[in-house]
1. Yes or no: region 30-51 includes at least one residue that is at pLDDT below 90, in contact with a Lys or Arg (Cβ under 9 Å, 6 or more places away or on another chain) and in a helix (DSSP H, G or I).
2. Can you pull out the residues in region 55-70 that are assigned to a helix (DSSP H, G or I), within 22 Å of the chain's Cα centre (by Cα) and more than 18 Å from VAL140 (Cα to Cα)?
3. For region 106-129, indicate whether the set of residues that are closer than 24 Å to TRP19 by Cβ and aliphatic (A, V, I, L, M) is non-empty.
4. Could you tell me whether region 86-108 includes any residue that is more than 30 Å from LYS150 (Cα to Cα), touching a residue at least 12 places away in the same chain (Cβ under 8 Å), in a helix (DSSP H, G or I) and out of contact with any Pro (no Cβ under 7 Å at 6 or more places or on another chain)?
5. Within region 87-104, track down each residue that is surrounded by fewer than 17 Cβ atoms within 10 Å (Cβ to Cβ) and not small (Gly, Ala, Ser).
6. Would you confirm whether any residue within region 117-135 is modelled with pLDDT of 95 or more, over 19 Å from HIS54 (Cα atoms) and crowded, with 17+ Cβ neighbours inside 10 Å?
Amino acid sequence: MAHHIKSTQKDYSGPVFTWASLVLACLGILDASYLLVYKLTSNNAMCLGNGSCHDVNFSPYSQIAGIPVSLFGLAAYLVMAVILFLESRLKIAKDNGPLAIFGISLAGTVFTGYLTWIELYVIHKLCPFCVASAIIISLVFILAVVRLAKQIAI
């Protein structure tokens with residue numbers, strides 16, 4: 001007769017991944033806010049001596065229908081942070097949060113990939129703050145895949 005062996009070790013990685021995602025979303029909020037303020041004020045001192053920052057942030061690709069791309073990033077990071085914060089407090093956020101974060105971060109990663117391609121092959125300049133945002137959203141996406149896989153496995 002086969003017996004099911006019950007694991008005595010509890011998996012604590014779920015909250016760790018959630019908190020890591022929340023920290024990354026907050027870093028994204030800071031980065032996107034910085035880029036938005038720079039876009040709105042044109043304060044070249046904010047580029048920290050990097051002329052590429054200016055060239056990228058004032059290129060025709062830095063806005064969609066007159067709306068700065070950094071505002072879209074800021075909105076995405078804010079929504080993800082709110083969802084992640086509410087996951088431990090609301091059942092609907094706990095049940096649907098991992099999928100929502102996956103969707104938002106997937107869209108953000110794809111769009112950021114496009115913008116990075118524009119930076120490299122059209123503008124021929126890299127903005128370090130844009131690269132930071134690309135790294136942040138990519139890490140959020142990787143964590144979102146792991147969190148979603150863990151949720152499905154349960």
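1. Yes: one or more hits.
2. Within region 55-70, VAL56, ASN57, TYR61, SER62, VAL69 meet the criteria.
3. yes
4. Start the filter on region 86-108 by keeping residues that are more than 30 Å from LYS150 (Cα to Cα), which leaves none.
Scanning region 86-108 turns up no residue that is more than 30 Å from LYS150 (Cα to Cα), touching a residue at least 12 places away in the same chain (Cβ under 8 Å), in a helix (DSSP H, G or I) and out of contact with any Pro (no Cβ under 7 Å at 6 or more places or on another chain).
5. Scanning region 87-104 gives ARG89, LEU90, LYS91, ILE92, LYS94, ASP95, ASN96, LEU99.
6. no
The values are calculated or read from the model by the stated rules, or taken from the named source; none is laboratory data. Just so it is clear, the structure is predicted and the values come from calculations on it, not from any experiment. Using ideal geometry, Cβ is built from the backbone for each residue, glycine included, and neighbour counts are taken over all protein chains shown.
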